[in-house]
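Taken together, the values in this text are just the output of simple stated rules run on the coordinates, not laboratory data. This one's a predicted model, so the numbers in the text were calculated from it and none came from an experiment. Cβ coordinates were reconstructed from backbone atoms using ideal geometry, including for glycine residues, and neighbour counts include every protein chain displayed.
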Amino acid sequence: MPWKVKGRSISYEPWYGSYASMMQRCYNQKAANYYLYGGRGIKVCDEWHNVETFEKWAVENGYEKGLTLDRIDPNGDYTPENCRWATSKQQANNRRNTVYVTIDGVTKSLSEWADFAGISRSTMSDRYFCKGIRGVMLLHRTEDTKFKRGYNRYGDSRHYDDYAPTVIPASEEGQA
């Protein structure tokens, strides 16, 4: 049965699922993900306990179908100042376990760097976590990760020629 407010079936509103989920994960100890929200002390502000107040905020803050409720500070409460409507991609980059990397003074998540470089997120994660690659070398395309002249696997700009034995040109061999 739909939940009605002032004769209107509010539970059919497109944003209502976000509202109901927020309340469940913060206050229902039997909810599967309660331990990640209410169990960690995350609460919903008092004003949003009134569904009409939340509806007003949702409309004023650009709710569109397909967006989800996101906390800007993933450790903060659900408040108008700490929430926004976000795409699933934005939400994935705003998790407690998101790894941020700074390259040439620009900080992005591993996922954002992967999109920027045009490589898969799994390749980016493999390079970072398994292979220990850091810096600009994270961004190189597959054919560039053979660690050619100019970079070693850690992104150092030293040439491999600096480590190679000196080769005497053939014209000088007899003179030595």
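Please note which strands (runs of 3 or more DSSP E) are completely contained in the range 46-127 and include at least 2 residues that are hydrophobic (A, V, I, L, M, F, W, C) and either in contact with a strand residue (DSSP E or B) (Cβ under 9 Å, 6 or more places away or on another chain) or at positive phi (or both). Spell out how you get there, then give the answer.
On the way: elements: 68-71, 83-86, 100-103, 106-109.
The strands (runs of 3 or more DSSP E) meeting that bar are 83-86.
Taking the range 25-58 on its own, how many of its residues are of a type in the set (Lys, Arg), within 27 Å of the chain's Cα centre (by Cα) and loosely packed, with under 13 Cβ neighbours inside 10 Å? So that I can check it myself, show each step before the final result.
Initial filter on the range 25-58 (of a type in the set (Lys, Arg)): 25, 30, 40, 43, 56.
If we keep only those that are within 27 Å of the chain's Cα centre (by Cα) as well, we get 25, 40, 43.
Subset that is loosely packed, with under 13 Cβ neighbours inside 10 Å: 40.
So the answer is 1.
Going by the conditions given, is GLN29 on the phi < 0 side of the Ramachandran plot and touching a residue at least 12 places away in the same chain (Cβ under 8 Å)?
Numbers: on the phi < 0 side of the Ramachandran plot: yes; touching a residue at least 12 places away in the same chain (Cβ under 8 Å): no.
It is false that GLN29 is on the phi < 0 side of the Ramachandran plot and touching a residue at least 12 places away in the same chain (Cβ under 8 Å).
Considering only the range 64-89, how many residues are surrounded by 14 or more Cβ atoms within 10 Å (Cβ to Cβ) and either of a type outside the set (Ser, Thr, Tyr) or under 15 Å from the mean Cα position of the chain (by Cα) (or both)? So that I can check it myself, show each step before the final result.
Looking only at the range 64-89, we keep the residues that are surrounded by 14 or more Cβ atoms within 10 Å (Cβ to Cβ), and these are 67-71, 74, 77-80, 82-86.
Subsequent filtering for residues that are either of a type outside the set (Ser, Thr, Tyr) or under 15 Å from the mean Cα position of the chain (by Cα) (or both) retains 67-71, 74, 77, 80, 82-86.
Adding up the residues that qualify gives 13.
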